[in-house]
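Throughout, read-outs are computed from the coordinates displayed, never taken from laboratory work. Remember, predicted model here, so these are calculated numbers, not experimental data. Neighbour counts are summed over all protein chains in view; Cβ atoms, including those assigned to glycine, are modelled from backbone coordinates with ideal geometry.
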Amino acid sequence: MLGFGCMRFSKKGNSIDIDKAEKEIMEAFRAGVNYFDTAYIYSGSEAAVGEIFERNGIRDQIKIATKLPQYLVSNNAALEKYFKEQLSRLRTDHVDYYLMHHLTDIAMWEKLKNVGVLDWIEEKKKSGAIRNIGFSYHGNTDGFQKILNDYDWDMCQIQYNYFDEFSQAGVDGLKAAAAKGIPVVIMEPLRGGKLVGMLPDSAKKIMKESGRDWTPAEWSFRWLYNQPEVTVVLSGMNSVEMVQENCRTASDAGAGQFTEEDFEVIRKVTEEIRAQEKVGCTGCRYCMPCPKGVDIPGTFRCYNAMYIESKNEGRFQYAQTVGLTKEPAFASQCIECGKCEMHCPQNIPIREKLKEADKALRPLPFKIGINVARKFMFRKSEKK
Ligand code: SF4
Ligand code: SF4
């Protein structure tokens with residue numbers, strides 16, 4: 001139920017504080033956590049967990065999930081090169097869950113297929129070097145379903161929390177995966193800590209007065225565990241106390257435990273967070289699809305993130321989910337046909353707000369950065 005996200009270990013100088021990480025990992029292991037999620041690009045993480053698992057002799061009692069840096073792969077040889085390096089860092093001869101990291105649309109998966117990833121996966125699964133294959137996802141709901149239905153995946157990983165119920169893969173993506181019998185691992189259950197650290201006081205008050213003795217983090221985890229479609233919730237735990245609190249919650253929570261009153265608390269808390277937003281978009285997607293390919297709810301979500309989280313966070317999300325898909329979905333592509341506005345239940349002046357959002361989300365340095373990244377990511381790939 002609870003997986004250990006290995007991206008946020010504390011640092012000592014420039015490298016991971018391995019002794020502290022070991023204490024946290026072993027505390028979690030003793031409490032029953034057996035799923036550890038890392039990635040090639042989490043600086044120092046694979047090597048650190050590899051060392052900790054070996055030191056403590058627990059490799060055969062835990063599952064390792066790690067990820068192919070698919071954005072760095074442009075030919076078939078690169079698949080093997082990265083995988084071998086990962087096995088060596090992790091001090092193991094197999095990976096239990098191997099994910100295509102950070103897909104944002106089907107084009108990225110197509111690119112991998114073009115360099116021969118399907119044959120490569122088959123060979124690795126046959127030899128036992130990879131036990132399960134999956135992908136982690138950060139694009140929109142439509143893109144998620146396309147990738148989901150394009151291959152016989154063993155699992156998938158999505159960003160999901162009560163504030164993102166209708167963004168990225170969203171609740172529809174979660175249910176679609178579960179309907180196919182595909183386990184779903186949840187990342188960002190606290191939206192990178194924002195559903196704890198950046199909750200408005202009014203939202204904290206609602207939780208406090210609910211009669212439940214739950215911390216903001218606990219509310220988030222319990223909301224997830226309440227959904228039977230959720231298989232594992234990852235948490236980037238970087239203190240023993242956090243491990244203990246999360247283990248307690250996971251042991252106590254379960255599907256179907258939320259009452260009507262609990263849902264009402266989450267609804268009110270979400271409302272309080274939304275009150276800080278720039279555009280009152282609920283992410284319902286009634287305005288979609290746009291004939292010019294604009295990701296309307298995605299743009300507003302990022303614009304709002306600039307005000308709820310931070311300017312750069314919103315801009316980063318815009319670059320990632322709207323700008324770095326094969327077909328970009330920028331607000332600037334809008335030709336002002338007005339079709340979307342006829343369907344918006346919130347009566348948002350979409351055309352006007354899109355202009356405002358794109359201007360704020362893509363200042364010159366971000367424009368340049370996105371163009372460079374696009375050139376790199378969508379360069380021609382080769383099979384050999
Ligand atoms: S007004 Fe703009 S965003 Fe709306 S449907 Fe037309 S082109 Fe798309
Ligand atoms: S219809 Fe309106 S509220 Fe719904 S996603 Fe589109 S802009 Fe947002």
Ascending count of other beta-carbon atoms within 10 Å, so fewest first, for 287, 281: 287, 281
Lone cysteines, the chain (no partner Cβ under 4.7 Å): 6, 156, 247, 281, 284, 290, 302, 334, 337, 344
Neighbour-count order for 37, 105, fewest beta carbons within 10 angstrom listed first: 105, 37
Fraction of beta bridges assigned by DSSP in the chain that are antiparallel (%, nearest 5): 5 percent
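Cross-link list 12/375; 326/355; 67/367; 326/353; 67/311: which exceed 30 angstrom alpha carbon to alpha carbon?
Exceeds cut-off: 12/375.
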Choice from 58, 308, 147 with maximal GNM fluctuation in the chain (Cα, 10 Å cutoff): 58
Total charge dipole magnitude, the chain, about the Cα centre, Cβ charges on Lys, Arg, Asp, Glu only, Debye to nearest 20: 1380 debye
GNM flexibility winner over the chain from 175, 126, 353 (Cα, springs under 10 Å): 126
Non-local Lys pairs in region 146-305, i.e. 8 or more apart or on different chains, that have alpha carbons under 19 Å apart: 11
Where labels lie 7 Å past Cα in the beta-carbon direction, separation of residue 123 and residue 152 in nm: 2.0 nm
Point-to-point label distance, residue 31-residue 252, nm (Cα→Cβ direction, 7 Å offset): 1.2 nm
Fewest-first sequence of 45, 88 by Cβ atoms within 10 Å of each Cβ: 88, 45
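Would you kindly state how much longer the chain becomes between residue 94 and residue 212 on full extension, computed as 0.36 nm times their sequence separation minus their alpha carbon distance, in nm to one decimal? Mind dumping the intermediate values first?
Details: separation 118, 0.36 × 118 = 42.48 nm, distance 4.33 nm.
Here the segment from residue 94 to residue 212 would lengthen by 38.1 nm.
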Rounded FRET efficiency, nearest 0.05, which uses the C-beta distance separating residue 335 from residue 277 and R0 of 22 Å: 0.30
Cα centroid separation - region 156-223 against region 1-79, whole Å: 23 Å
Contour minus Cα-Cα distance for residue 364 and residue 61 (0.36 nm per residue): 104.1 nm
Candidate aspartates and glutamates - alpha carbon under 17 Å from residue 84, same-chain residues fewer than 8 apart omitted: 46, 51, 93, 96, 119, 122, 123
Label-point separation in nm, residue 114 to residue 326, each point 7 Å along Cα→Cβ: 0.8 nm
Per-residue [θ]222 nm for the chain (sum of -39500 (n - 2.57) over DSSP H runs n ≥ 4, rounded to 500): -14000 deg cm²/dmol
The chain: most fluctuating residue of 275, 305, 39 per GNM, C-alpha cutoff 10 Å: 275
